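The values are calculated or read from the model by the stated rules, or taken from the named source; none is laboratory data. Please read all numbers here as calculations on a predicted model, not as lab measurements. Cβ sites come from the backbone with ideal geometry, for glycine too, and all protein chains shown count toward neighbours.
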Amino acid sequence: MSSLAIGGIGVGVLLLLVAARLPIGLALLITGFGGTAVLHDLNAALFSLGSSPVETLSNYSLSMLPMFVLMGAFAVRGGLSEGMFRAANAFIGHRRGGLAMASIVACAGFGAVCGSSLATVTTMARITVPEMLRYGYSPKLASGTVAAGGTLGILIPPSMLMVIYAVLTETSIGRLFAAGILPGLLATLLYLAAIAIWMRLRPELAPPTPRTPWGERFRELRGVLGIVALFGLTIGGIFAGWFSPTEGAAVGAFGALALGVVTGKLDSRGFVEAVKEAVIVSAMLFLLVIGISLFEFFMEAARVPEQLGRLIGGLDLPRYAVMVVIILMLALLGCVLDAIAMVFIVTPVLFPIVQGLGFDLIWFGIVMVMVVEFGLITPPFGMNVFVIAKLTPQVNTWGAFTGVMPFIASDLIRIGLIVAFPAIALWLPNLIFGTP
């Protein structure tokens, strides 16, 4: 049996283990170890098992992951999301569909300090969905809005997926963060446009709400000062060169802790829960990193990336046609794979192919994050949709999937724009850091 066939069988075994709900990191580790043993021998597999984790975890860039996770955990328990929604609601809540629009803005703002889609959805669902239902909004509109808005948590920096992609591809995390800002703003605007068009077609889904006086609007702006300051200090400090991304993550975690303490929203119990969550999530991520190091060693030994690159090169297609094929493949995988697992599994395979085609790796990182977030709301396994359906008893899973359809159309438009006009993602990092 050829090494490529063994590599293909290994990928199939990995997908089966994932489908069997084995932890992703463990599935990667088992597949990588077993595949290396079959390709070479047990000694080679044991050597890989002993050396790869040490070499991989010695990467200094990985030290920022626990800090960004801790920053998001403190932000969730520090109540930073509530002020963002109240401020957005005060300014646009009175419009037709305004509460849904305010939810999108709040998700974008909270995503700027959280970096996790699941945390954004879970937090905002408890705040915004009851408010929309209280004013007579359709449950499918309320659930679909928050499920889609939660995806902004992994696109607007700081993003955990961007950090993982940067570590796997050895690209600049600062440039990736800068590249995510304009696409994140574009995503927010297109989601708002989707709600506006939906309300034009189905106004009965969202009754109008009372207009907030201007004085109260300006008072509610105080609720966003913490998020703006934290985002400016963390991301702005990285862009300005005041500190490295790892130092910026630590500053962000401390800032989120300080804000939670000052506002009185983060007590000792919340602190312990946040630290506990950060430790658990970080351990899971490090297991994924160890697993992918063994799996990547197996893939390289089986020459899968090399052969796949030759196969794609032999198709004699324009490079943008190849990119469309890659995006379609990612979209299909996103329907059945967890977002983090997908980035860990496909990046080592696609990275050399994209690099060989001459595409900008920062731009491709943004495209990958967008397609991965697209998978979070698409059937049959859109994670955000299942979470929101569980948190909203008034809507079933099918109703929640119905509610995200306008936002899926919005995502398709956005992905098309970023592919057609790469400058949307690359202009800001080139402006801040210079053209590479």
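Overview of values
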{"read-out": "Residue list for the range 223-270, restricted to those being surrounded by fewer than 19 Cβ atoms within 10 Å (Cβ to Cβ) and not in a helix (DSSP H, G or I)", "value": "Gly241, Trp242, Phe243, Ser244, Gly264, Lys265, Asp267"}
{"read-out": "Tally, over the range 50-108, of residues that are assigned to a helix (DSSP H, G or I) and more than 22 Å from Glu170 (Cα to Cα)", "value": "33"}
{"read-out": "Every pair of residues 6+ apart whose Cβ atoms lie under 6 Å, when the first sits in the range 310-339 and is surrounded by fewer than 17 Cβ atoms within 10 Å (Cβ to Cβ) while the second is modelled with pLDDT of 80 or more and small (Gly, Ala, Ser)", "value": "Cys335/Gly375"}
{"read-out": "Flag if Val76 is β-branched (Val, Ile, Thr) and over 25 Å from Leu182 (Cβ atoms)", "value": "yes"}
{"read-out": "Residue list for the range 372-400, restricted to those being under 19 Å from the mean Cα position of the chain (by Cα), part of a helix (DSSP H, G or I) and among the aromatic types (Phe, Trp, Tyr)", "value": "Phe374, Phe386"}
{"read-out": "Among the candidates Pro158, Pro139, residue that is surrounded by fewer than 24 Cβ atoms within 10 Å (Cβ to Cβ), at negative phi and in contact with a Gly (Cβ under 8 Å, 6 or more places away or on another chain)", "value": "Pro139"}
{"read-out": "Every residue from the range 43-60 that is under 24 Å from Ala278 (Cβ atoms), exposed (fewer than 15 other Cβ atoms within 10 Å of the Cβ) and in contact (Cβ under 8 Å) with a residue 24 or more places away in the chain", "value": "Leu57, Asn59, Tyr60"}
{"read-out": "From the options Glu204, Glu277, Glu273, Glu220, residue that is surrounded by fewer than 17 Cβ atoms within 10 Å (Cβ to Cβ), in contact with a helix residue (DSSP H, G or I) (Cβ under 7 Å, 6 or more places away or on another chain) and part of a helix (DSSP H, G or I)", "value": "Glu273"}
{"read-out": "Candidate set from the range 7-29 (those that are outside any helix (DSSP H, G or I) and among the hydrophobic types (A, V, I, L, M, F, W, C)); member that is surrounded by the most Cβ atoms within 10 Å (Cβ to Cβ)", "value": "Leu22"}
{"read-out": "Residue, farthest from Ala253 (Cα to Cα), within the range 95-135, restricted to residues that are among the aliphatic types (A, V, I, L, M) and out of contact with any Gly (no Cβ under 9 Å at 6 or more places or on another chain)", "value": "Leu133"}
{"read-out": "Tabulated pairs, the range 163-182, first under 19 Å from Gly356 (Cα atoms), second of a type in the set (D, E, K, R) and not in a loop (DSSP other than H, G, I, E, B), C-beta under 9 angstrom, 6+ apart or interchain", "value": "Ala166/Arg175; Leu168/Glu296"}
{"read-out": "Residue in the range 31-42 that is out of contact with any helix residue (DSSP H, G or I) (no Cβ under 8 Å at 6 or more places or on another chain), in a helix (DSSP H, G or I) and farther than 26 Å from Ala166 by Cβ present", "value": "yes"}
